[in-house]
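Q: To start, I am sharing the structure in question, which I have written as structure tokens.
Laboratory data are not the source of any read-out in this text; all were calculated from the coordinates shown. In this text, all values refer to a predicted model and were calculated from it rather than measured experimentally. Note that we place each Cβ from the backbone using ideal geometry, even for glycine, and neighbour counts take in every protein chain shown.
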Amino acid sequence: MGFLVLSRKEGESIRIGDSIQIVVTEIGPNRVKLGIKSPRSIPVYREELYQKIQEENRKAAQITNVVLDEAGHFLRKWEILKNMEK
């Protein structure tokens, strides 16, 4: 994946495709404020929040796999007991 570096002044913007516009709204001594216009269907996150979401999704997937494994063991035991009753 490539990395594009651009210089922009306050009030200037860049476009990503036809539907995303990023505007430099304020430049301060230690930070830059950006405004992002995009369709609601395109999620926009700060990087640190995006990383947390990804980590929570990984944890949830691991828990789901454990639960499914346990459910599979339970069903196999249930089938064995059910067959023993016949």
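Q: Near Lys52, which lysines are there with a Cα under 30 Å away, not counting those fewer than 8 places off in the same chain?
A: Answer for Lys52, where 30 Å is the Cα cut-off: Lys33, Lys37, listed by chain and number.
Q: Treating only the Cβ of Lys, Arg, Asp and Glu as charged (+1, +1, -1, -1), what charge dipole size does the chain show about its Cα centre? Round to the nearest 20 debye.
A: Dipole size: approximately 100 debye.
Q: Sticking with this structure for a sec: By the scheme Lys and Arg +1, Asp and Glu -1, what is the net charge of all other residues having a beta-carbon under 12 Å from that of Leu6?
A: That sum, taken over residues with Cβ under 12 Å, equals +2.
Q: Based on DSSP loop calls and a cut-off of at most 14 other Cβ atoms within 10 Å, the longest stretch of the chain free of exposed GluC sites (Glu not before Pro) is what?
A: 13-86
Q: Hey, another quick one. Could you pull out every one of the lysines with an alpha carbon less than 21 Å from that of Lys77, ignoring same-chain neighbours closer than 8 positions?
A: Within reach: Lys86.
Q: Name the trypsin sites (Lys or Arg not before Pro) in region 1-58 that are in a loop by DSSP and that have at most 15 other C-beta atoms within 10 Å, would you?
A: Arg8, Lys9, Arg31, Arg40, Arg46
Q: While we're looking at this one, here's another question. Could you list the chymotrypsin sites (Phe, Trp or Tyr not before Pro) in region 28-86 that lie in coil according to DSSP, counting only those with at most 14 other Cβ atoms within 10 Å of their Cβ?
A: Tyr45
Q: If you don't mind, another one. Principal axis lengths of region 1-41 from Cα atoms, whole Å, largest first?
A: 33, 25, 14
Q: Output the Cα-based Rg and Dmax of the chain in Å, rounding Rg to one decimal and Dmax to a whole number.
A: Reported Rg and Dmax, both Å: 24.8, 80.
Q: On to the next question. When we measure straight from the Cα of Lys59, which aspartates and glutamates land under 20 angstrom away, once same-chain ones fewer than 8 places off are left out?
A: List returned: Glu47, Glu48, Asp69, Glu70.
Q: Per DSSP H run of at least 4 residues, take -39500 (n - 2.57); add these up for the chain, divide by its residues and hand me the 222 nm value, nearest 500 deg cm²/dmol.
A: Roughly -16500 deg cm²/dmol at 222 nm, from the helical runs in the chain.
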